[in-house]
Amino acid sequence: MGKTTFLTREGYEKLRKDVDALKEQKRELSQMIGEAREQGDLRENAGYQYAKEKQAEVMRRIADIETKLGSAQLIDDAKIAKDEVRIGATVTMKEMASGAEMTYTFVGQEESDPSAGKLSVHSPLGEGLLGHKKNDTVDINLPAGKKQFKILKIER
């Protein structure tokens, strides 16, 4: 059996929508392939070749996402300690050297989107903060070097 994919409810729903959109795209590509077949010689039919390649790519993506959904374990906020950094927690912290405050929601790897404020619990920052509580000061080895953070707030 493959590895478990940890997802929030929001992340799970997004992947379901992605699969639905890809399946619609696959139907459209199948139609394009059928129309290209009607044009005759397929060896020199660029539209046919493109549609076949694109269809194979879409089918791979569908299979990949469905595998992740099949191994998904939804994170239930009710069962997670609310006073420590865990998957699903939104954490406000201060980088001690600069005084900069930042807020991130820690999610499973599949949902990670740093530009949207969502970091994987498997990222260096996520792994460093995991299990810590409000007011803890934590030293974390990041790619840019060792930094110290103070946890200001943890929300669910």
Report summary line: Under the Karplus relation with 6.51, -1.76 and 1.60 and θ = phi - 60°, whole-Hz ³J(HN,Hα) for region 147-156, x at Gly and Pro, equal 10, 10, 10, 10, 7, 8, 7, 10, 10, 10
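For the pairs LYS3/LYS118; LYS52/LYS118; LYS14/LYS94, flag any whose C-alpha to C-alpha distance is greater than 26 Å.
Working: LYS3/LYS118 21 Å; LYS52/LYS118 35 Å; LYS14/LYS94 30 Å.
Check vs 26 Å cut-off fails for LYS52/LYS118; LYS14/LYS94.
Which order do peptides 121-130, 24-33 fall in by mean Cβ count within 10 Å, highest first? Write out the running numbers ahead of the final one.
Values: 121-130: 18.5, 24-33: 14.7.
Per-residue Cβ counts within 10 Å, averaged per peptide and sorted highest first, yield 121-130, 24-33.
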Query raised in the report: Just how many % of Cα pairs in region 5-74 lie over 20 Å apart, if you round to the nearest whole percent?
Result: 41 percent
Query raised in the report: Pairing the Cα long axis of helix 9-37 with the longest principal axis of the chain, what angle in degrees results, from 0 to 90 and rounded to the nearest 10?
Result: 20 degrees
Report summary line: Calculating mean projected area of the Cα convex hull in nm² from this structure picks out, from [x] 13.9; [y] 27.3; [z] 12.4, entry [z]
Query raised in the report: Taking the Cα centre of region 77-136 as the origin, how large is its charge dipole in debye, to the nearest 20, when only Lys and Arg (+1) and Asp and Glu (-1) carry charge on their Cβ atoms?
Result: 200 debye
Query raised in the report: Can you give the Rg and Dmax of region 77-155 based on its C-alpha atoms, in angstrom?
Result: 11.6, 35
Requested in this report: Report, please, the projected area of region 116-156 averaged over directions, based on the convex hull of its C-alpha atoms, in nm².
Outcome: 3.2 nm²
Query raised in the report: When ranked by the protection proxy of mean other Cβ atoms within 10 Å per residue, highest first, what sequence do the peptides 56-65, 141-150 form?
Result: 56-65, 141-150
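About the Cα centre, and with charges only on the beta carbon of Lys, Arg (+1) and Asp, Glu (-1), how big is the dipole of region 22-156? Nearest 20 debye, please.
Working: 22 positive and 23 negative charges, 82 e Å.
Its charge dipole is roughly 400 debye.
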Query raised in the report: Which residues' amide hydrogens lie under 5 Å from the amide hydrogen of ARG156, considering only partners 5 or more residues apart or on another chain, with H built in the peptide plane?
Result: THR90
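Is it possible to state the helix-based mean residue ellipticity at 222 nm for the chain, with each DSSP H run of 4+ residues giving -39500 (n - 2.57), the sum divided by total residues, to the nearest 500 deg cm²/dmol? What is it? Working shown, then result.
Working: 3 runs with 60 residues, N = 156.
Theoretical 222 nm ellipticity from helices: -13000 deg cm²/dmol.
Here, each number is a calculation from the coordinates, and none is a lab measurement. Treat the numbers as computed from the prediction; the structure is a model and nothing was measured. Using ideal geometry, Cβ is built from the backbone for each residue, glycine included, and neighbour counts are taken over all protein chains shown.
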